[in-house]
1. One residue is enough: does segment 82-95 have a residue meeting the conditions crowded, with 20+ Cβ neighbours inside 10 Å, closer than 21 Å to residue 5 by Cα and touching a strand residue (DSSP E or B) at 6+ places or on another chain (Cβ under 8 Å)?
2. Can you tell me which residues in segment 45-63 are over 18 Å from residue 105 (Cα atoms), surrounded by 16 or more Cβ atoms within 10 Å (Cβ to Cβ) and touching a residue at least 12 places away in the same chain (Cβ under 8 Å)?
3. Quickly run through segment 32-44 and pick out the residues that are in contact (Cβ under 8 Å) with a residue 24 or more places away in the chain, more than 13 Å from residue 100 (Cβ to Cβ) and within 8 Å of the ligand (Cβ to nearest atom).
4. Looking only at segment 32-59, which residues are in a strand (DSSP E or B) and either out of contact with any helix residue (DSSP H, G or I) (no Cβ under 9 Å at 6 or more places or on another chain) or closer than 17 Å to residue 2 by Cα (or both)?
5. Just to be sure, is residue 101 within 12 Å of the chain's Cα centre (by Cα), buried (at least 16 other Cβ atoms within 10 Å of the Cβ) and within 15 Å of the ligand (Cβ to nearest atom)?
6. What is the residue count in segment 3-31 for residues that are within 15 Å of the ligand (Cβ to nearest atom), farther than 22 Å from residue 92 by Cα and assigned to a loop (DSSP other than H, G, I, E, B)?
7. So in segment 67-102, with the set limited to residues that are in contact with a helix residue (DSSP H, G or I) (Cβ under 9 Å, 6 or more places away or on another chain) and in a strand (DSSP E or B), which one is nearest to residue 50 (Cα to Cα)?
8. Taking the condition under 20 Å from residue 22 (Cβ atoms) and in contact with a strand residue (DSSP E or B) (Cβ under 9 Å, 6 or more places away or on another chain), does residue 64 pass?
Ligand code: AMP
């Protein structure tokens, strides 16, 4: 846990969030500025800066993040029409919050993967 990490503070309940799934090791909550009809963030409760760090440090935990993302996608009704799972990573990846998070996006056609 990092004292002033935004998402660690959500895990500790210090900042409110609309939680849609809470497991022993992960939390899923709605993005505060949704970019699609469904926009949920999935995080490990333990602090890792980004997906590359987490994947190398704890492959079991990243699998649990992916499992939670899949269950959220199912519960949000995204499996039939499809959805997008994004880990923005580092400066070039546009990562704003340095606590690894998967964006689960769906509920409408999302357009091309990258703006040109
Ligand atoms: P990224 O740019 O990949 O780091 O994404 C960070 C995401 O966190 C953005 O989509 C923000 O809208 C979202 N966000 C920031 N603060 C909060 C918050 N307090 N609760 C929920 N989502 C947040």
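Just so you know, all these numbers are worked out from the coordinates, no wet-lab data involved. Here the structure is a predicted model, which means the values were calculated and not measured. Counting neighbours? That spans all protein chains shown, and the Cβs are built from the backbone with ideal geometry, glycine included.
1. The answer is no, given that none of the residues of segment 82-95 is crowded, with 20+ Cβ neighbours inside 10 Å, closer than 21 Å to residue 5 by Cα and touching a strand residue (DSSP E or B) at 6+ places or on another chain (Cβ under 8 Å).
2. Quick first cut of segment 45-63, residues over 18 Å from residue 105 (Cα atoms) only: 45-50, 52-63.
Those left that are additionally surrounded by 16 or more Cβ atoms within 10 Å (Cβ to Cβ): 45-50, 54-55, 58, 61-62.
45, 46, 47, 48, 49, 50, 54, 58, 61, 62, listed by residue number.
3. Filtering segment 32-44 for residues in contact (Cβ under 8 Å) with a residue 24 or more places away in the chain gives 35-44.
Retained after the next criterion (residues that are more than 13 Å from residue 100 (Cβ to Cβ)): 35-40.
Those that are in contact (Cβ under 8 Å) with a residue 24 or more places away in the chain, more than 13 Å from residue 100 (Cβ to Cβ) and within 8 Å of the ligand (Cβ to nearest atom): 35, 39.
4. So the first thing to find is which residues in segment 32-59 are in a strand (DSSP E or B), and the list is 38-44.
Within segment 32-59, 39, 43, 44 qualify.
5. Values: within 12 Å of the chain's Cα centre (by Cα): yes; buried (at least 16 other Cβ atoms within 10 Å of the Cβ): yes; within 15 Å of the ligand (Cβ to nearest atom): yes.
Against the criterion (within 12 Å of the chain's Cα centre (by Cα), buried (at least 16 other Cβ atoms within 10 Å of the Cβ) and within 15 Å of the ligand (Cβ to nearest atom)), residue 101 qualifies.
6. 8
7. The extreme case among them is 102.
8. yes
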